[in-house]
Amino acid sequence: MIIRQEQASDHNAVYQIIKSAFSNVTHSDGSEPELVVALRRSKAFVPDLSLVAICNENIVGHILFTEVTVNGKTELALAPLSVLPSYQRQGIGLALIAEGHRIARESGYDYSIVLGHPNYYPKAGYHPARLYGMKPPFEVPDDSFMAIKLNPAAEPLNGIVKYDPAFGI
């Protein structure tokens, strides 16, 4: 498997991967592909943190981290993570997360937040965001709104996460 930065020529394949990955997810409204299109056009977009996973010369996964602010500090939100259903449960998602975290650390980000499945994201090191003083700007179960400290020396942020308007929040 190869993980690399997404290129413009990947956009159609990534759109289809996201659509396929979320097609049977009960908590999805199917808007994830359009969210990625909107986020690519937003101020929050970080090209280095839009990654694809390639197996057998085909794109099989995608992850996107975009900027958010918490108490005036710029951090990251992971959204969405998508792997083709036939490639799920093979470690591709966790590999995409790990590579994204590596790049984020090197780029100076202290935290990444995610609204996601409470049984999946802890495998990548995520914990309830409240442990770092972060609160969501909407009602959500505490165990689904998570964060990871990318910089061990980072101080708690103590604030409400502000997403880019592309999220529609």
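Quick notes
- The residues on offer are 33, 47, and the sole one that is under 24 Å from residue 101 (Cα atoms) and either of a type in the set (Ser, Thr, Tyr) or exposed (fewer than 12 other Cβ atoms within 10 Å of the Cβ) (or both) is 47.
- Those residues of the range 137-157 which are out of contact with any helix residue (DSSP H, G or I) (no Cβ under 6 Å at 6 or more places or on another chain) and either closer than 17 Å to residue 122 by Cβ or among the charged types (D, E, K, R) (or both), in sequence order: 139, 140, 141, 142, 143, 144, 148, 149, 155
- Within the range 15-44, being farther than 12 Å from residue 81 by Cβ and touching a strand residue (DSSP E or B) at 6+ places or on another chain (Cβ under 6 Å) holds for 39, 44.
- Listed by position, the strands (runs of 3 or more DSSP E) enclosed by the range 1-87 that each have at least 1 residues that are within 12 Å of the chain's Cα centre (by Cα) and of a type in the set (Val, Ile, Thr) are 45-55, 58-70.
- Pairs are defined by a Cβ separation below 8 Å, a sequence spacing of at least 6 or placement on different chains, a first member in the range 11-29 that is over 16 Å from residue 62 (Cα atoms) and at pLDDT 75 or above, and a second member that is assigned to a helix (DSSP H, G or I) and not acidic (Asp, Glu); the pairs so defined are 24/85.
To keep it simple, each residue is scored yes or no on (1) of a type in the set (Val, Ile, Thr); (2) within 20 Å of residue 93 (Cβ to Cβ); (3) touching a residue at least 60 places away in the same chain (Cβ under 8 Å).
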position	(1), (2), (3)
110	no, no, no
116	no, yes, no
124	no, yes, no
129	no, yes, no
136	no, no, no
139	no, no, no
167	no, no, yes
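- Test result for residue 95, closer than 30 Å to residue 155 by Cβ and crowded, with 17+ Cβ neighbours inside 10 Å: yes
- Selection of strands (runs of 3 or more DSSP E) fully inside the range 89-169 by the criterion of at least 2 residues being modelled with pLDDT of 95 or more and under 13 Å from the mean Cα position of the chain (by Cα) returns 111-115, 145-149.
- Evaluation of residue 119 against the conditions (1) more than 23 Å from residue 165 (Cβ to Cβ); (2) in contact with a Phe, Trp or Tyr (Cβ under 9 Å, 6 or more places away or on another chain) shows that the sole unmet condition is (2).
The values are calculated or read from the model by the stated rules, or taken from the named source; none is laboratory data. As the structure is a prediction and not an experimental result, all values here were calculated from the model. No Cβ is skipped: glycine too gets one built from the backbone with ideal geometry, and neighbour counts run over all protein chains shown.
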